[in-house]
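For reference, the structure discussed in these notes is given below.
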């Protein structure tokens, strides 16, 4: 990509109503555009980063046997009524709409119900199990207050995986495989050292669920971390009983703010029972399929990377998620020798399959080019000018 042809421009200032650091830097760097509160567009640079994060997640989900699907956003109320999750008094974040032909639909905020209904057509016998399906799909949540930039929005992409197993033992085994895969994802995204598997409430599903929390002053959650055991406890379940269960002592824990960037739940038969997803075992008996669900928001992960690794006026993308592999910065491009060398280097690298952004802009000062390069945040730079031939 020639930077002169990139339609987006860096900005000195972010919108005055944007208070989160991640959104300010991403808007100023030309990665995203704020459409309204809680809704952001991904511009070319931002989409490249987002897609790289998605691809990392996809690779790790495929590695543990995931099969990618894509379900619809529009939701039939009847299946959600069967699980008692259609009523706004029970789930208060629905976006709903009337059909011109009559009736009502919702915009999906999660996909347990439609995924179960779909798999009823494909799971009948124990020989059909296990099944691990996942998708990258737009979710809509009618949050009372959208905040924290791209980390809490009303429309966002979610990687949601669902596991379908014969029994609790099989679920437990896969659950731990997902936890390991999540750790790999966050390490590849450059934030593994600050991210902890965190014990959280399992709600009606199980004693515990687990969140993956990244330590950051920008976080909305409070957690207590054990650096020795590399685990943490969410404030919502922090009590003496949990400490005893985990064999932790209060004096060994550090209280910090953190950003939730992933979660995993054991669902049991909560949805399979309500919606009739069963299988016939090897004795000919019918049993409920046992489920788990596993979520990561790629956009939230992108915002967390910015919050954690950036400085004032400077984004620092880890290599695997950087929008380009190399940023060539051409200085004094009115000099024929400089221009020739810069163009040769650009061609040499792109011919090798290296993704390059070439700042070929004329009549732009060196200071401005460097300031723009800081905001764009590509980790590898080649600077070519009269003094550096």
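The numbers here are math on the coordinates, done by the rules we state, and not lab data. All of these numbers come straight from a predicted model, not from anything done at the bench. FYI the Cβ positions are ideal-geometry reconstructions off the backbone, even for glycines, and counts take in every protein chain you see.
For the reader, a short list of remarks on this structure follows.
- Nearest 10 degrees, 0 to 90: helix 168-188 Cα axis against the chain principal axis: 10 degrees
- Among 238-247, 292-301, the peptide with the highest mean count of other Cβ atoms within 10 Å heads the list, and the full ranking is 292-301, 238-247.
- Each part gets one Cα centre, and for the range 250-313 versus the range 86-156 those centres are 15 Å apart.
- When each of the peptides 190-202, 365-377 is scored by how many other beta carbons lie within 10 Å of its residues on average, the order from highest to lowest is 190-202, 365-377.
- Separation of the residue 100 and residue 170 label points, Cα + 7 Å toward Cβ, nm: 4.6 nm
- Over the chain, dividing the summed -39,500 (n - 2.57) contributions of all DSSP H runs of at least 4 residues by the number of residues returns a 222 nm mean residue ellipticity of -9000 deg cm²/dmol.
- Efficiency of FRET between residue 5 and residue 227 - r from beta-carbon atoms, R0 35 angstrom, step 0.05: 0.15
- D (Stokes-Einstein, µm²/s), Kirkwood Cα radius, the range 57-101, 0.692 mPa s at 37 °C: 244 µm²/s
- Using the Cα coordinates of the range 1-57, the gyration tensor eigenvalues translate into equivalent-ellipsoid semi-axes of 19, 16, 9 Å, sorted from longest to shortest.
- Highest to lowest packing among 111-121, 163-173, scored as the average C-beta count within 10 Å: 111-121, 163-173
- Of all DSSP-defined beta bridges confined to the range 309-389, some 10% are antiparallel rather than parallel.
- Restricting the calculation to Cα atoms, the range 40-162 shows an Rg/Rh of 1.00 when the hydrodynamic-style radius is the Kirkwood one.
- Relative to the current alpha-carbon distance between residue 312 and residue 51, full extension at 0.36 nm per residue lengthens the span by 91.5 nm.
- Within the chain, antiparallel bridges make up roughly 80 percent of the DSSP beta bridges whose residues both belong there.
- Rounded, prolate or oblate (a/c below 1.5 giving rounded, otherwise prolate when a/b exceeds b/c) for the range 239-307 by Cα gyration tensor: oblate
- For the chain, the fraction of C-alpha pairs more than 30 angstrom apart is 49%.
- The calculated P(r) of the range 220-360, using every Cα pair and 5 Å bins from 0, goes 2, 7, 9, 9, 10, 10, 10, 9, 8, 7, 7, 5, 3, 2, 1, 0, 0 in percent.
- Once C-alpha pairs closer than 8 Å and six or more residues apart are averaged by separation and normalised to the residue number of the chain, the relative contact order reads 18 percent.
- With bins 5 Å wide beginning at 0, the percent of Cα pairs of the range 324-388 falling in each bin runs 4, 19, 31, 25, 17, 5.
- Angle in degrees between helix 336-351 and the longest Cα principal axis of the chain, rounded to the nearest 10: 20 degrees
- Rough spin-label spacing in nm, given labels placed 7 Å along Cα→Cβ, for residue 319 and residue 273: 5.0 nm
- With the simple model of a label 7 Å out from the Cα in the direction of the Cβ, residue 368 to residue 285 spans 7.6 nm.
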